[in-house]
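K.L.:
Attaching a single structure in structure tokens format; questions to follow.
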Amino acid sequence: MRQGDIIHGLVRGLSVVECFDEEHARLSITDVARRTGLERATARRCLLTLVHLGYASYDGKFFQLTPRILKLGHSYLAATPLPRLIQPFLEELSHATSESTSAAVLEGTDILYVARASTRRVMSINLAPGARLPAYCTSMGRTLLAALPAGEARAILERSELIAYTERTKADMAGITTELAVIAAQGFAVIDQELELGLCSIAVPLTNAAGQVVAAINIGAQTARSPTSRMIANFLPLMRKVQAELRPLLR
């Protein structure tokens with residue numbers, strides 16, 4: 001792609017939208033300029049444009065996104081059959097295991113949740129479709145990274161901020177790289193309290209009829225209720241069944 005084909009104003013505007021998150025729901029012009037690296041005047045124009053279009057509100061000091069911003073995400077969900085296709089399978093899997101199930105795709109250094117069937121809240125954060133988590137320390141993220149060529153996966157890890165969220169987190173390049181090789185060989189990933197204490201999860205990749213990995217699904221649960229040994233013994237066969245059923249349906 002040529003630089004002349006890029007609309008830099010749109011790039012700046014989207015960077016402003018993306019700088020709002022759960023921990024930064026209300027931001028001043030100065031806050032946005034700092035988080036995006038934009039000049040203050042540029043950040044101000046972007047924010048006021050979002051207000052003009054109804055995507056943000058302004059109380060004279062702070063800006064925050066409005067529900068209208070959900071239209072952008074809805075456009076993806078409406079145009080992409082993947083979430084709608086996967087959702088019934090997640091609900092069936094959740095019913096069979098009495099645990100929460102999710103599907104995600106790789107987006108930069110993160111995983112992006114595209115579908116979820118929740119029986120109970122297992123994490124301290126909301127994991128609804130649209131939520132993002134680091135790929136390097138999540139079961140779906142490691143599953144998706146393990147499916148990439150080694151050099152591509154390493155490049156993503158090098159761009160990631162490798163944080164040890166708990167004492168169990170694998171947050172060093174060598175440890176993660178070794179783990180990815182294991183996952184690629186066995187075809188599934190297990191996370192045991194690496195992202196949050198008391199939480200474990202198991203994930204498998206979803207491949208299409210051509211053998212390409214297009215997403216991952218997981219089951220997450222409290223460790224006391226469903227330790228990883230139980231997940232592998234009882235949940236993995238059910239997830240393998242979903243893999244097989246979805247393969248001819250995915251593009």
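K.L.:
Between residue 155 and residue 230, what is the label-to-label distance in nm when each label sits 7 Å out along the Cα-to-Cβ direction?
P.N.:
For residue 155 paired with residue 230, the spin-label model returns 4.2 nm.
K.L.:
What does the charge add up to near residue 11, with Lys and Arg as +1, Asp and Glu as -1, over the other residues with Cβ less than 12 Å from its Cβ?
P.N.:
In short, -1.
K.L.:
Convex hull volume of the Cα atoms in the range 162-251, per residue, in Å³?
P.N.:
Value for the range 162-251: 101 Å³ per residue.
K.L.:
What net charge do the residues around residue 31 carry, taking every other residue with its C-beta under 13 Å from that of residue 31, with Lys and Arg at +1 and Asp and Glu at -1?
P.N.:
+4
K.L.:
Per-residue HN-Hα couplings for the range 111-116, Karplus 6.51 cos²θ - 1.76 cosθ + 1.60 at θ = phi - 60°, whole Hz, x for Gly and Pro?
P.N.:
For the range 111-116, the Karplus curve yields 9, 10, 5, 10, 7, 7 Hz.
K.L.:
Quote the FRET efficiency, to the nearest 0.05, computed for residue 71 versus residue 98 with a Förster distance R0 of 45 Å and r equal to the Cβ-Cβ distance.
P.N.:
Efficiency, from the Cβ-Cβ distance: 0.85.
K.L.:
What order do 173, 239 take when sorted by accessible area (1.4 Å probe), most exposed first?
P.N.:
Putting 173, 239 in descending order of accessible area: 173, 239.
K.L.:
Across the range 121-196, how large is the tail of the calculated P(r) beyond 20 Å, expressed as a percent of all Cα pairs?
P.N.:
Cα-Cα pairs in the range 121-196 separated by more than 20 Å: 27 percent.
K.L.:
With unit charges on the beta carbons (Lys and Arg positive, Asp and Glu negative) and the dipole taken about the Cα centre of the chain, which residue among 228, 41, 203 sits farthest to the positive side?
P.N.:
41
K.L.:
Between residue 222 and residue 208, with labels modelled 7 Å along Cα→Cβ, what's the label distance in nm to one decimal, could you check?
P.N.:
4.0
K.L.:
Then there's this: Grab the beta carbon distance between residue 28 and residue 241, set R0 = 35 Å, and tell me the FRET efficiency rounded to 0.05.
P.N.:
Once the sixth-power term is evaluated, E becomes 0.10.
K.L.:
Further, regarding this structure: Give the carbon-plus-sulfur fraction of the accessible surface of the chain in %, rounded to a whole number; probe 1.4 Å, heavy atoms of protein chains only.
P.N.:
Ligands and nucleic acids excluded, carbon and sulfur give 55 percent.
K.L.:
Nothing charged except the Cβ atoms of Lys and Arg (+1) and of Asp and Glu (-1): what's the magnitude of the dipole of the chain about its Cα centre? Round to the nearest 20 debye.
P.N.:
560
The values are calculated or read from the model by the stated rules, or taken from the named source; none is laboratory data. Values in this document were obtained by computation on a predicted structure and should not be read as measured data. Here the Cβ is made from the backbone with ideal geometry for all residues, glycine too, and neighbour counts use every protein chain on show. Quick note on the areas: whole protein, heavy atoms, side chains included, nothing else; ligands and nucleic acids left out. Shrake-Rupley method; radii C 1.70, N 1.55, O 1.52, S 1.80 Å.
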